[in-house]
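Colleague: One structure coming up, written as structure tokens, with questions to follow.
The values are calculated or read from the model by the stated rules, or taken from the named source; none is laboratory data. Everything numeric here is computed off the predicted structure, so don't read it as measured data. A quick note on method: Cβ atoms are made from the backbone with ideal geometry, for glycine too, and the neighbour counts reach across all protein chains shown. Note: areas computed on protein heavy atoms with side chains; ligands, DNA, RNA excluded. Shrake-Rupley method; radii C 1.70, N 1.55, O 1.52, S 1.80 Å.
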Amino acid sequence: MPEPGYYGRFGGAFIPEILVATFDELREAFESARNDPAFWREFEEMMSTYSCRPTPITFAENLTADFGGARIFVKREDLNHTGAHKANNVMGQGLLVKRMGKTRVIAETGAGQHGVATATMAAKLGLECTIYMGEVDVARQRPNVFWMERLGATVVPVTEGSRTLKDAINEAFRDWVTNMDDTHYALGTACGPHPFPEMVSYFQSIVGQEAREQIQASAGKLPDRVYACVGGGSNALGIFSAFLEDDGVELIGVEAGGRGAGIGQHAARLGLDDATVGVAQGYKTYFLQNAEGQMQETHSVAAGLDYVGVSPILADLHEKGRVRFESATDTEVVDALSLTVRREGLIPALESSHAFAHAFKEAPQMSPDEVILINQSGRGDKDIFTVADAFDDPKWKAFIQEKAEAYRG
Ligand SMILES: *Cc1c(COP(=O)(O)O)cnc(C)c1O
């Protein structure tokens, strides 16, 4: 048996001495909640009355006909409140915070989506909320900052380092060290020190539990392949978790291939060969780092996939050969999004479109008896600024210019 919190040689909890008691408290609270059937029922009830659960699966009839291969089904996590699977994690952690009797939550955010989800949960559950966000991200993600502030959160622009996501994570940990008595750190993905990878995957497993039943009811069989995009890894682990024991179900994680090969051009840790194993931000996994362990620049058209590390649980499943990792480039992703909108009227987020892009490459080679399940982790219409930029839409640019001139005038 590996040590608790380890997945093969990955994971662990590399934390400062001062946080050990806080992590013990969190681990115990999580274990007790997990062993209490009433807690999961409370979680399901919350998600069904506040966030559209169970989310349906949709048969992509037109794309299936276009490709002439496997039947394609889509799990609709885009229908969650605030537009992505992130709601599952934050509402779950929010209920845990209530159980622990804490009154304040903090979180890191890159693009701002986890910040908005956390601020929403805090508003609903009556918690104080502070969001750490790199100064660079605050400047480029104003719509999300706008909503976090309306929801009552304090947004703190982080001016350290590269002023982006990893610096926001460091600041959040610094806050936690000073305020651990009343504060919980609601980490946004299946990364970080134990128990976060396990706890976040636990809340996201609701996606897989539903999907496994739904696909059998709709397609009459288990899927042959399940595709999910991988940033930190939480939506992928959420849907994969229900199929891990089914040998006939192939699981495919699709990472950000960005502008193509070469360090700094992408954010693929397991799908390309540029990442190496190391310890950073409290856990051991594959990081995009140099020989000295300095984190490298990453790039993706999808802000939510733009991260240097990856879930230790996925690193282990990769090493064991249970999950296959691929990557999709920015161009392939924008094309897949365009096609999905046009042919199915579905609007996947740029993140989710990575899973679609790779599934579209493989579907034509599969037989009509086979079934593909794609996790649509979020919706793209809330990201109009990013999506319109990615499409390079001239009418949108003219509209923004007019707005800017009206403000100047
Ligand atoms: C944040 C986000 C992701 C990436 O996070 P994971 O933890 O890898 O799931 C993927 N899709 C959407 C829509 C997101 O908002």
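Colleague: Rounded if a/c is under 1.5, else prolate if a/b beats b/c, else oblate: with a ≥ b ≥ c from the C-alpha gyration tensor eigenvalues square-rooted, which is the range 243-306?
Modeller: In terms of gyration-tensor shape, oblate.
Colleague: Moving on. Would you mind listing how long the range 110-157 runs along its three principal axes, going by Cα atoms, in whole Å with the largest first?
Modeller: For the range 110-157, the Cα extents along the three principal axes come out at 29, 15, 15 Å.
Colleague: Decide, for the chain, between rounded, prolate and oblate: order the square roots of the alpha carbon gyration tensor eigenvalues as a ≥ b ≥ c, take rounded if a/c falls under 1.5, and otherwise choose prolate if a/b is larger than b/c, else oblate.
Modeller: Here the chain falls in the rounded category.
Colleague: Find how much the distance from GLU245 to ASP182 grows on full extension, using 0.36 nm per residue of separation minus their present alpha carbon separation; answer in nm with one decimal.
Modeller: Result: 18.7 nm gained on full extension.
Colleague: Hey, in the GNM for the chain with a 10 angstrom Cα cutoff, which one of GLY304, GLY115, GLY220 fluctuates hardest?
Modeller: Result for the chain, Cα springs under 10 Å: GLY220 fluctuates most.
Colleague: Same structure, new question: Using the basic label-point model (7 angstrom from Cα toward the beta carbon), what is the GLU17 to ILE384 distance in nanometres?
Modeller: Output for this residue pair reads 5.4 nm.
Colleague: Also, I was wondering about something else. Tell me the carbon and sulfur percent of the accessible area for the range 1-91, rounded to whole percent, probe radius 1.4 Å.
Modeller: Its accessible area is 54 percent carbon and sulfur atoms.
Colleague: Please compute the per residue accessible area over the chain with all protein chains in place, 1.4 Å probe, rounded to a whole number of Å².
Modeller: Per-residue value: 41 Å².
Colleague: Moving on. Using the Kirkwood radius over C-alpha pairs as Rh, can you work out the diffusion coefficient of the range 291-393 via Stokes-Einstein at 37 °C, viscosity 0.692 mPa s, in µm² per second?
Modeller: 215 µm²/s
Colleague: From the protein chains alone at 1.4 Å, what is the descending order of accessible area for ASP181, ASP316, largest first?
Modeller: ASP181, ASP316
Colleague: I've got another one for you. Taking just the C-alpha trace of the range 21-61, give me its Rg and Dmax in Å.
Modeller: 15.4, 53
Colleague: Relative contact order, percent, of the range 219-302 when contacts are C-alpha pairs under 8 Å separated by at least 6 residues?
Modeller: Relative contact order comes out at 23 percent.
Colleague: Under the Kirkwood approximation applied to all pairs of distinct alpha-carbon atoms, what is the hydrodynamic radius of the range 322-374 in Å?
Modeller: By the Kirkwood definition, the hydrodynamic radius is 11.7 Å.
Colleague: Under a 1.4 angstrom probe, counting protein chains only, how are ILE57, ILE384 ranked by accessible area, largest first?
Modeller: ILE384, ILE57
Colleague: Also, quick follow-up: Would you calculate the separation in nanometres between label points at GLU149 and GLU45, each defined as 7 Å from the Cα along the Cα-to-beta-carbon direction?
Modeller: Placing both labels 7 Å along Cα→Cβ, they lie 3.7 nm apart.
Colleague: Express as a percent, rounded to the nearest 5, the fraction of DSSP beta bridges in the range 1-156 (both residues included) that run antiparallel.
Modeller: 35 percent
Colleague: Still on this structure, please answer the following. So how far, in whole Å, is the C-alpha centre of the range 143-208 from the one of the range 28-107?
Modeller: Each part reduced to its Cα centre gives a spacing of 18 Å.
Colleague: Hey, another quick one. Report VAL334's accessible area, 1.4 Å probe, all protein chains in place, as a number in Å² to the nearest 10.
Modeller: About 20 Å², ignoring ligands and nucleic acids.
Colleague: Roll a 1.4 angstrom probe over the protein heavy atoms and tell me the percent of accessible area of the range 98-209 that is carbon or sulfur.
Modeller: 49 percent
Colleague: Carbon and sulfur atoms: what percent of the 1.4 Å accessible area of the range 295-367 do they account for?
Modeller: 49 percent
Colleague: Treating the beta-carbon of each Lys and Arg as +1 and of each Asp and Glu as -1, no other charges, what is the dipole magnitude of the range 311-365 about its Cα centre, to the nearest 20 debye?
Modeller: Once rounded to the nearest 20, the dipole reads 180 debye.
Colleague: Moving on to the next point. Restricting to Cα pairs below 8 Å that are 6+ residues apart, what does the relative contact order work out to for the chain? Please round to a whole percent.
Modeller: 19 percent
Colleague: Considering only DSSP beta bridges where both residues belong to the chain, give the percentage that are antiparallel (nearest 5).
Modeller: Rounded to the nearest five, the antiparallel share is 30 percent.
Colleague: Would you work out which of THR285, GLN401, THR298 lies farthest towards the positive end of the dipole of the range 273-409? Charges go on Cβ: Lys and Arg +1, Asp and Glu -1.
Modeller: After comparing all options, I get GLN401.
Colleague: May I ask you to compute the full-extension gain from ILE400 to ALA139, defined as 0.36 nm times their residue separation minus their alpha-carbon distance, rounded to one decimal in nm?
Modeller: So the chain would gain 92.3 nm between ILE400 and ALA139.
Colleague: Arrange the residues GLU135, GLU160 by how much accessible surface each exposes, largest first, with a 1.4 angstrom probe.
Modeller: Correct descending sequence by accessible area is GLU160, GLU135.
Colleague: Can you tell me which lysines have their Cα less than 24 Å from the Cα of LYS397? Leave out same-chain residues fewer than eight positions away.
Modeller: List returned: LYS382.
Colleague: Can you list which of the DSSP-assigned H helices in the chain have a Cα extent of 15 Å or more along the long axis and an average Kyte-Doolittle score of at least 0.0?
Modeller: 113-125
Colleague: Now for a different question. Above 19 angstrom, tally the Cα pairs of the range 141-197 and express them as a % of all pairs, no decimals.
Modeller: Of all Cα-Cα pairs in the range 141-197, 40 percent lie more than 19 Å apart.
Colleague: Taking a ≥ b ≥ c as the square roots of the Cα gyration tensor eigenvalues, with a/c under 1.5 meaning rounded and otherwise prolate when a/b beats b/c, else oblate, which class fits the range 290-334?
Modeller: Oblate, since a/c reaches 1.5 and b/c is not below a/b.
Colleague: From Cα pairs below 8 angstrom and at least 6 apart in sequence, can you work out the relative contact order of the range 59-132, rounded to a whole percent?
Modeller: It comes to 24 percent, rounded to a whole number.
Colleague: Based on DSSP, what percent of beta bridges with both residues in the range 231-380 are antiparallel, to the nearest 5?
Modeller: 55 percent
Colleague: Restricting to DSSP H runs of at least four residues, report the calculated mean residue ellipticity at 222 nm for the chain, -39500 (n - 2.57) per run over all residues, nearest 500 deg cm²/dmol.
Modeller: So the helix-based figure for the chain works out to -14000 deg cm²/dmol.
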